[in-house]
Each structure stands twice: as structure tokens, then as C-alpha cells.
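Accompanying notes for the structure given below.
The values are calculated or read from the model by the stated rules, or taken from the named source; none is laboratory data. This is a predicted model, so every value here is computed, not measured. Please note: Cβ atoms are built from the backbone with ideal geometry, for glycine as well, and neighbour counts cover all protein chains shown. These accessible areas exclude ligands, DNA and RNA; they are computed on the full protein's heavy atoms, side chains included. Shrake-Rupley method; radii C 1.70, N 1.55, O 1.52, S 1.80 Å.
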Amino acid sequence: MSNPPRVTSWLEVPDDCRMEGMLDFHDELRFTFGAPTGDGQYLAFERPALERFVVLAQRVLALREPGEQRADRPTLVA
């Protein structure tokens, strides 16, 4: 897969963050985290990319923390 993302950023989403999702006219799925005005952050996926992301997220959620803090953290790639 040689098509890199257009922007690289770090976004922390707390458990009580407002989330909104929509499908636009180009079969792109758009998500808003936070208020849609002001502090909102936006994320857009093409449908196949979102499907891969969901599978990756499910695999990451199934991981367990290593018993030792210095142990390498497992990293999964889609």
C-alpha cells in the first residue's frame, strides 16, 4: 500500500467525547470529534480504508497489556 495519508496528526479522544458520523456524496465517511464548530476535529475515510481500520481496531482491542512495563508493546499493521 503506497498511498500515504494526507495529514499526520495525534488526536486524543476521551471516553465522553462527542462523536458524529456521516456519509457524503462521494461514498466517503466523515467523522467529527468534539463540537462541529470551534473545537471539532474532523476525520474522513474512503469506505475500504474505514473497513480496514475497523478490523485493525478490533484486533488491537483484543490485545492485552504485557505484564512488565519495559516489555515491547505489540503493534499491528493493516
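Scanning region 55-69 for residues that are modelled with pLDDT of 70 or more and loosely packed, with under 11 Cβ neighbours inside 10 Å, we see that the one that is farthest from Phe45 (Cα to Cα) is Gly67. Checked against (1) farther than 22 Å from Thr75 by Cα; (2) touching a strand residue (DSSP E or B) at 6+ places or on another chain (Cβ under 8 Å), Leu11 passes all but condition (1). Go through region 1-54 and give me each residue that's open to solvent by 100 Å² or more (accessible area, probe 1.4 Å) and among the hydroxyl-bearing types (Ser, Thr, Tyr). Scanning region 1-54 gives Ser2, Thr8, Thr37, Tyr42. Apart from one condition, Thr75 fits all of (1) out of contact with any Gly (no Cβ under 7 Å at 6 or more places or on another chain); (2) open to solvent by less than 90 Å² (accessible area, probe 1.4 Å); the exception is (2).
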